[in-house]
Every structure is written in C-alpha cells, then in structure tokens.
Amino acid sequence: MKRVVVVGVGNAYRRDDAAGLAVVRRLREAVPPGTVVVEAEADPMLILEHCAGAEAAVVIDAVSSGGRPGTVYRLDAGGAPLPERLFGTTSTHAFSVGEVVELARALGTLPPRVTVFGIEGRAFEAGEGLSPEVAAAVERVAAEITAEAAMAVGPT
Amino acid sequence: MSPERRTRTIKVDALARVEGEGAMLVRIAGGRVSEVQLRIYEPPRFFEAFLRGRHFTEAVDITSRICGICPIAYQMSAANAMEDACGVRVDGALRDLRRIIYCGEWIESHALHVYLLHAPDFLGYESAVHLARDHGSIVRRGLQLKKAGNGLMALLGGREVHPINVRVGGFYRVPTTGELRAAAEPLKWARDAAMETVRWVARFPFPDFEQDYEMVALRHPSEYPITEGRLVSTRGLDIAVREFTDHVVEEHVPHSNALHAAIRGRGAYLVGPMARYALNFDRLSPLAQEAAREAGLGPVCRNPFRSIVVRAVELVYACDEALRLIERYEPPDRPAVEVPPRAATGHGCTEAPRGILYHRYTIDASGSILDAKIVPPTSQNQRAIEEDLARFVQDRLDLPTDALTWQCEQAIRNYDPCISCATHFLTLEVERLEVEQA
C-alpha cells in the first residue's frame with residue numbers, strides 16, 4: 001500500500017493560522033487507509049521527519065499573501081520550489097513550509113510527490129476560531145484530499 | 001561633506017531565522033547611533049487574559065501553546081507556580097522525569113538554533129537550505145540531534161509538539177523502566193554528536209565584541225539550573241523566585257508592544273545560555289566542562305556571537321544529564337501527587353532554552369485563576385539586544401549598508417529570540433537610508 005503522509009501546519013491560537021490543523025483534524029475522522037496524518041503545530045520541521053521515506057506528502061498551511069480570504073492555492077512541490085510569496089519567510093514559524101521543503105530536497109529526503117495546499121487567511125491575531133470563508137475552505141481541502149486518497153488506494 | 005553630518009537609518013523589515021516575526025530600526029545621526037528599536041508584540045498578554053476564570057490545572061496546557069519550540073518550559077513554569085500556590089512539592093522520580101523531558105526540549109531547541117538558524121551566519125550561507133546543499137552530512141547530524149530531543153519529549157510528553165502528558169503534580173502517565181532505558185541508546189549517540197558540535201562551532205570566526213552584561217539565571221545548590229533555583233546575577237542579585245517582580249520592572253516603550261524588562265535601579269540584563277553558563281559553570285558535568293575548555297571558553301563568556309559555543313556545551317550537558325537521570329530511574333508509586341487548590345498566589349521560574357521564564361498566578365479556593373502574569377525570556381533580553389546593536393553599529397559605521405544590515409541581523413540571532421513567545425508578530429525591519437545634508 002502506498003504510504004501517504006498528510007501534515008497540517010499552524011498555530012491553534014492564532015485564528016486562521018490554524019487552517020492547516022483544522023484540515024488534518026477533519027481527516028482524522030476518517031483516515032484513508034495507508035495514510036498517516038500529522039499535526040505539526042507551529043513546527044513545520046516535523047514535515048521533514050515524518051515525510052522521509054514516504055511515497056507522497058500532502059502539506060496544508062495557512063497563507064497570508066493579500067489574496068481573498070478562503071482562496072485555496074494548490075501547488076506541486078515535487079519538482080520546483082514553492083513560490084516565496086505564499087510559503088516564504090513571512091511565516092510565524094522558525095522555518096516556513098517552503099524552506100522545510102527545500103531543506104528536504106537538499107538532503108535528498110523529499111518524497112517523489114509533494115502537494116502543498118495554502119489556505120488564504122483573513123485574521124491572524126491571537127485567539128481561537130476560523131473566519132467563515134476559511135472554515136469553508138478547510139472543508140473543501142479535506143474533501144479533496146480524502147477523494148484523492150481513496151482513488152489512490154482503489155476500490156475496496 | 002563630513003561624515004558627522006550624515007543621517008542614516010537602518011531598518012530590517014523581515015528578520016529571517018528567528019522564531020516569529022519582528023522589526024528592527026537603527027538610526028544614525030551625526031556619526032553616532034541615535035536610536036535603536038527592536039519592535040515586537042506580545043501574545044503572553046492575550047494568554048494572561050485568556051487564563052482568567054480557567055481552572056488552575058488548565059494553565060499547563062494552555063500556556064504551552066504560546067510557543068511551538070519551548071512548550072515544556074511553559075508547562076514547567078506553570079506547574080511550578082501552581083504547586084507553589086497550593087503548597088505542594090514534587091520530588092523524587094517525578095522531579096527527575098520533569099528534568100529529563102526538559103533536557104529533551106533543550107536538545108531539540110539548541111540543535112535547531114545551532115545547526116539551522118545560527119551556523120549559516122558564521123559560514124557565510126544565506127540559510128540552512130544553502131548550508132545543506134554543501135554540507136549535507138553536518139545538517140543531517142543536527143537534525144538527528146534535534147530528533148533525539150524530540151524523542152524524549154514524545155516519550156514523556158505523549159507527543160513531540162505541545163506535549164499533553166504533563167500536569168500539575170506530575171504526569172498523567174509515567175514510563176516503565178524499560179521504556180525509559182530504551183531512550184538511552186539514541187542519547188548516547190547524541191552526546192557524542194554534541195561533543196562534535198562543540199568542536200565544530202568552536203572553529204567559527206567570531207567578531208571581536210564583548211559587553212559588560214548583568215547576567216541573570218537560576219542557581220541551584222547542586223545542579224546546573226533547569227527546573228528550579230534562586231535567581232542570581234553577576235552583580236550580586238540573589239533572590240527567591242517569588243521576589244522576581246520586586247526586582248524586575250516591566251516598562252511599556254512606544255515602539256514595541258512587548259514590555260521591556262529591567263532590573264530596578266540598574267537597567268538591562270541578559271538571560272539565556274551565556275548567563276546560565278557564567279553563573280553555573282561549576283555545576284556543569286565534568287564532560288560538559290571538558291568540552292567548554294577544549295573549545296577555549298573561559299568560565300564566563302561575554303561575546304554574544306560565541307553564544308553558539310555555549311549552546312553546544314549545553315547540548316553536551318543536556319544529553320549527559322538526561323542519561324544520568326535515566327540510569328537511576330525507578331518508577332514512582334503514582335504518576336502525580338495530589339494538588340488540592342487553595343486561595344493563594346504562586347510563582348514559578350524555570351530555565352527555558354532562551355533563559356528564565358517566570359509565571360505568577362493567583363487562584364481562589366475553588367482553583368479558579370484570578371490573575372496571571374507571564375514574563376518570557378525574549379522580552380527580558382529585548383533591551384540587551386538593543387544595547388548590543390547600538391554599540392555594534394557604532395563601531396562599524398564604515399561598513400556598507402548591506403554588510404552592516406546582515407551583521408545586525410546576526411547580532412539579533414545571537415539571542416535565538418523567540419518572538420512568537422515574546423511577541424505577537426515579529427517583523428524585523430532593517431532599513432538604511434542615507435540623507436546627505438548640505
């Protein structure tokens with residue numbers, strides 16, 4: 001069975017920054033077979049540890065790029081670096097998702113297939129609760145990942 | 001035009017390789033540094049408000065969310081403060097386990113900073129990614145060291161990030177002797193790797209720069225300080241943790257949302273690895289002392305750029321100490337002692353990887369939190385960072401802007417500033433303008 005690692009990144013107490021965590025928490029309710037789900041709260045470096053040796057990785061993080069809140073960016077990071085505008089150094093974390101992906105690439109531990117979802121946030125101040133547009137985007141991304149994982153595994 | 005008449009401003013908008021986001025501004029007028037501002041904002045203020053009305057047992061988990069890099073520090077300072085309020089002391093194997101998990105956090109945090117955040121500065125790399133392209137095996141060693149720390153946190157904390165197994169009075173579950181002994185093997189490797197780390201960083205080129213800091217750290221009668229002690233300084237401060245706010249004042253400054261801490265009547269002070277080391281060299285294990293000597297560190301280091309060597313020595317110590325405690329471990333009778341609430345105020349202070357982290361809580365007889373105060377290490381170091389920058393820039397005014405800006409960022413990274421703890425958003429701005437006047 002193909003091993004897929006799904007990592008949600010974010011800070012649970014920074015409002016929409018928690019979007020990536022919210023996605024993986026939704027996925028936990030029905031984890032597709034062969035899939036490992038990881039919550040990398042505030043430490044995207046965990047992507048590196050958990051994705052080593054995986055066939056495919058899916059990473060979900062909140063972004064703040066000035067776009068419409070709730071916008072979902074889907075990128076393939078397997079072959080090329082992520083755009084800095086979305087996943088660059090403006091992260092609230094020590095390492096941005098983009099940097100961790102590049103670090104894994106430099107060390108030769110990046111899985112062959114890497115899909116990164118960015119969810120544009122509206123509010124990043126201290127506090128709990130997602131903006132409505134972001135909560136809706138979380139549902140869309142979770143459904144998309146579930147559907148694809150089911151397809152990858154094949155009919156049961 | 002004489003150089004004395006130039007005015008220029010150095011501003012960094014996004015400080016890379018610090019935890020969080022921050023901004024820095026240095027103004028130079030008439031050939032002198034006229035102003036230095038490190039701008040940070042504070043989430044602890046949010047958490048202090050958020051904690052009011054919560055049950056006293058919840059502070060351990062809630063405050064651990066302030067920082068993804070040092071959750072154990074928050075859990076331990078909160079637990080200590082609550083136990084102090086309730087008049088309970090946690091001892092024996094439970095105390096050892098707390099020290100072991102805290103060693104895990106030091107290893108994880110120091111390995112991250114030494115290898116991935118700080119080392120690139122000294123080797124002329126823009127980032128860890130660039131360093132990894134040329135020196136993959138070294139970066140892998142750093143990541144493996146970090147993983148050894150994460151392993152201890154996962155074993156005792158239930159998971160690596162935001163551990164959930166720590167509680168007021170002890171733990172929810174304690175490991176069996178076998179489980180803990182199994183953790184010793186990766187730690188033995190980590191201790192050797194930490195010795196290699198000291199040798200590696202000791203060879204880095206360091207700017208000739210020393211400051212006459214007042215250094216503040218915990219001091220314990222027999223241990224290198226991690227989970228408890230008295231607060232002492234290099235200028236004679238020697239107080240109980242509960243006296244912290246009698247001697248440390250926090251002031252609002254217009255340019256930052258973070259409060260600036262200062263010793264009453266004296267001013268800036270330094271917390272963190274250099275302070276711990278200077279005040280507790282004699283409490284390091286023989287192996288860590290040997291590593292320090294081999295690296296050419298005296299018993300006191302006042303060059304903040306060499307803090308990377310001190311961190312590496314503390315990596316050796318943390319591995320060594322965790323191994324010592326694992327060796328003597330006998331599981332306690334109960335995973336936690338009972339802590340019945342009572343109306344009181346409690347204080348807790350522990351040595352987070354970046355320096356002392358102070359918590360104070362007032363609770364009522366039912367255990368409801370009435371008031372909370374959290375003073376993280378980075379906000380205590382804020383003024384020392386600004387004073388470093390002022391002197392550092394003053395001596396290097398002839399450098400071109402790019403080089404000066406880069407070195408200012410390095411000077412800030414010396415502190416491993418955790419802006420997500422000390423602040424809400426750290427956006428480091430360094431802007432340099434030259435306005436030539438007639």
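The values are calculated or read from the model by the stated rules, or taken from the named source; none is laboratory data. Here the structure is a predicted model, which means the values were calculated and not measured. Glycine also receives a Cβ, built like all others from the backbone with ideal geometry; neighbour counts cover every protein chain displayed.
Taking into account only those residues within the range B:146-174 that are part of a loop (DSSP other than H, G, I, E, B) and closer than 28 Å to B:Tyr115 by Cβ, which is modelled with the highest pLDDT?
It comes out as B:Asn165.
Please go through the range A:7-59 and give me each residue that is within 11 Å of chain B (Cβ to nearest Cβ) and among the small types (Gly, Ala, Ser), ordered by number.
Result: A:Gly10, A:Ala12, A:Ala18, A:Ala40, A:Ala42, A:Ala52.
Could you check, for the range B:105-116, whether at least one of its residues is within 13 Å of chain A (Cβ to nearest Cβ) and part of a strand (DSSP E or B)?
No; the residues of the range B:105-116 include none that is within 13 Å of chain A (Cβ to nearest Cβ) and part of a strand (DSSP E or B).
Report whether or not B:Val232 is closer than 25 Å to B:Val90 by Cβ, in contact (Cβ under 8 Å) with a residue 12 or more places away in the chain and surrounded by 24 or more Cβ atoms within 10 Å (Cβ to Cβ).
When the stated conditions are applied, B:Val232 does not pass them.
In this structure, is B:Pro332 closer than 22 Å to B:Val168 by Cβ, touching a helix residue (DSSP H, G or I) at 6+ places or on another chain (Cβ under 7 Å) and crowded, with 18+ Cβ neighbours inside 10 Å?
yes
Looking for whichever is in contact (Cβ under 8 Å) with a residue 12 or more places away in the chain and under 27 Å from A:Leu107 (Cβ atoms) here; the options are B:Arg199, B:Arg133, B:Arg181. Which one fits?
B:Arg199
Has the range B:359-378 got at least one residue that is within 28 Å of B:Met195 (Cα to Cα), touching a Phe, Trp or Tyr at 6+ places or on another chain (Cβ under 9 Å) and touching a residue at least 60 places away in the same chain (Cβ under 8 Å)?
Within the range B:359-378, one or more residues are within 28 Å of B:Met195 (Cα to Cα), touching a Phe, Trp or Tyr at 6+ places or on another chain (Cβ under 9 Å) and touching a residue at least 60 places away in the same chain (Cβ under 8 Å).
Failed condition for B:Arg140, given (1) more than 14 Å from B:Asp416 (Cβ to Cβ); (2) more than 10 Å from chain A (Cβ to nearest Cβ), with all others met?
B:Arg140 satisfies all of (1) more than 14 Å from B:Asp416 (Cβ to Cβ); (2) more than 10 Å from chain A (Cβ to nearest Cβ) except (2).
For the range B:297-329, name all the residues that are among the aliphatic types (A, V, I, L, M) and surrounded by fewer than 24 Cβ atoms within 10 Å (Cβ to Cβ).
Residues satisfying the conditions are B:Leu297, B:Val300, B:Leu323, B:Leu325, B:Ile326.
Go through (1) within 14 Å of another protein chain (Cβ to nearest Cβ); (2) outside any helix (DSSP H, G or I); (3) more than 20 Å from B:Pro376 (Cα to Cα) one by one and return the number of the condition B:Val90 breaks.
Every listed condition holds for B:Val90 apart from (1).
Checking the conditions here, which among B:Leu155, B:Leu131 is among the aliphatic types (A, V, I, L, M) and within 14 Å of another protein chain (Cβ to nearest Cβ)?
Step by step, each of B:Leu155, B:Leu131 is checked, and only B:Leu131 is among the aliphatic types (A, V, I, L, M) and within 14 Å of another protein chain (Cβ to nearest Cβ).
Pairs under 9 Å by beta carbon, first residue in a strand (DSSP E or B) in the range B:49-70, partner surrounded by 18 or more Cβ atoms within 10 Å (Cβ to Cβ), six or more apart or different chains?
The qualifying pairs are B:His55/B:Pro341; B:His55/B:Ile363; B:His55/B:Gly367; B:His55/B:Ile369.
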